[in-house]
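Notes follow once the structure below has been shown.
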Amino acid sequence: MLIKRETKNNVTYLSLVEESYNSQKKRGQITKIKDLGVEEPITPLNSMTEEFAIVWAEGRTLGNAVPFSERVKGKFPEEDSGCGVILPCDIVPCGKFRNGKERWWCRTHQVHWGTKADLQQAVQNEGDIRCSNASQPMNYTKNPLVINPDDYAGGIGIWAALPTAINTTDEPDLQDVAIHVHARLQPQGKKSIYTSYPAVVITSSEDTPLFKNISIKRVIVAPPSALAYLEALINKLPLGTLKCHTCQHPHLDLGDFAKNPHKKHFCGNCGVDSNWSKEPIISSPLKEIADNITKNSDFVASDRTLDLRNYQDCKIKVWSSTPAIIWTSYQPQETGIHVHIYQGGNKIVDDTFGQVTWFDGSSLERDQLLTIMLDKVKKTDRK
């Protein structure tokens with residue numbers, strides 16, 4: 001059994017049909033099993049309501065970093081962000097199985113659809129086509145930050161914000177990766193944005209397209225894609241941006257696929273699994289964006305020093321610096337150990353140092369701090 005699409009007067013009708021072989025006529029035939037109704041068109045962006053959202057599942061994104069639809073449709077909780085939204089399936093054809101049967105792909109929930117059990121379930125549900133991941137609660141954030149690098153002459157920096165390596169304050173640590181953003185309207189000016197978000201959207205203008213040869217103007221930076229890209233940078237893995245030969249969407253590797261460079265890639269947008277890169281790579285849309293808009297790719301080590309023995313009565317937070325996912329400043333990025341110091345509830349130090357002396361006189365090691373931060377993320381993912 002398979003789903004048949006038939007378009008009449010710009011309306012697409014869906015029906016469940018069965019292929020069989022007619023031995024008398026010695027040819028195949030198609031028998032309609034059930035009408036499934038009209039395929040709902042994608043609602044364009046200009047007809048959106050006031051709220052829109054970014055949605056992603058644990059350990060992966062929705063489709064990939066490039067949204068396949070201009071609108072996420074679903075019933076959302078009242079909170080501005082969190083977990084618990086259930087989204088309808090968006091099932092598209094993606095070729096055939098090895099036995100010649102039609103194969104389908106759910107872009108919302110990232111799973112193939114079209115097995116015999118799937119089709120039987122669709123009949124039982126009176127045509128309500130749902131993939132095996134349809135009931136999975138997803139993370140979301142409403143009305144996310146939308147940022148265009150062209151609007152910030154002083155540059156923007158976007159990082160995968162990780163939990164602290166050391167935290168002696170009463171403030172709880174991050175429970176997940178966040179997206180931290182710095183933005184300056186003017187060179188050397190004050191930061192107009194200095195905040196962490198659940199996820200953000202990077203947009204572009206005609207003068208500075210995000211991608212070459214494809215007209216995609218919005219890219220989502222959600223925790224799974226940000227973390228995968230950061231770890232590839234840290235581990236110096238070969239990064240690239242592979243575009244699907246079928247739908248042209250930039251491919252995004254996540255999970256184990258983002259840890260092991262490979263040639264064969266699976267498109268999260270259309271479900272085609274026969275995309276090949278010339279060399280083994282980790283593919284991320286963020287790589288091409290960074291290549292196109294980065295103005296200074298250099299790093300400099302901080303020459304500042306900090307002796308925490310001078311702050312015995314203070315509370316502290318300590319991070320290892322990490323490379324930015326997106327960096328458009330003309331200044332180089334600074335590496336070192338980032339420290340916040342609080343005294344009486346006030347933050348009195350917020351800076352990056354090349355050398356930090358601990359309370360007992362020992363020196364903090366940046367690489368060890370980074371390992372602690374990444375280990376905290378992995379422990380959070382396992383809960």
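The values are calculated or read from the model by the stated rules, or taken from the named source; none is laboratory data. Just so it is clear, the structure is predicted and the values come from calculations on it, not from any experiment. No Cβ is skipped: glycine too gets one built from the backbone with ideal geometry, and neighbour counts run over all protein chains shown.
Would you be able to tell me the number of residues in region 361-383 that are modelled with pLDDT under 95 and farther than 21 Å from residue 179 by Cβ?
So the answer is 1.
I'm trying to understand the selection: among the residues of region 297-313, which are more than 37 Å from the chain's Cα centre (by Cα) and either outside the structural domain of residue 355 (by TED's automatic domain parsing) or part of a loop (DSSP other than H, G, I, E, B) (or both)?
Residues satisfying the conditions are 312, 313.
Could you tell me which of the residues 261, 280 is in contact with a strand residue (DSSP E or B) (Cβ under 6 Å, 6 or more places away or on another chain) and either in contact (Cβ under 8 Å) with a residue 40 or more places away in the chain or outside the structural domain of residue 378 (by TED's automatic domain parsing) (or both)?
280
Criterion first (at pLDDT 95 or above, under 30 Å from residue 210 (Cβ atoms) and of a type in the set (A, V, I, L, M, F, W, C)) does residue 326 satisfy it?
yes
Quick one: is residue 305 without any contact (Cβ under 8 Å) to a residue 60 or more places away in the chain and of a type outside the set (A, V, I, L, M, F, W, C)?
Criteria met by residue 305.
Would you check if residue 228 is touching a Ser or Thr at 6+ places or on another chain (Cβ under 8 Å), assigned by TED's automatic domain parsing to the domain that holds residue 215, under 23 Å from residue 177 (Cβ atoms) and not in a loop (DSSP other than H, G, I, E, B)?
yes
Can you go through 67, 41 and tell me which one is modelled with pLDDT under 75, farther than 23 Å from residue 224 by Cα and not aromatic (Phe, Trp, Tyr)?
Among 67, 41, only 41 is modelled with pLDDT under 75, farther than 23 Å from residue 224 by Cα and not aromatic (Phe, Trp, Tyr).
When the residues of region 204-236 are filtered to those that are under 23 Å from residue 145 (Cα atoms) and without any contact (Cβ under 8 Å) to a residue 60 or more places away in the chain, which remaining residue is surrounded by the most Cβ atoms within 10 Å (Cβ to Cβ)?
228
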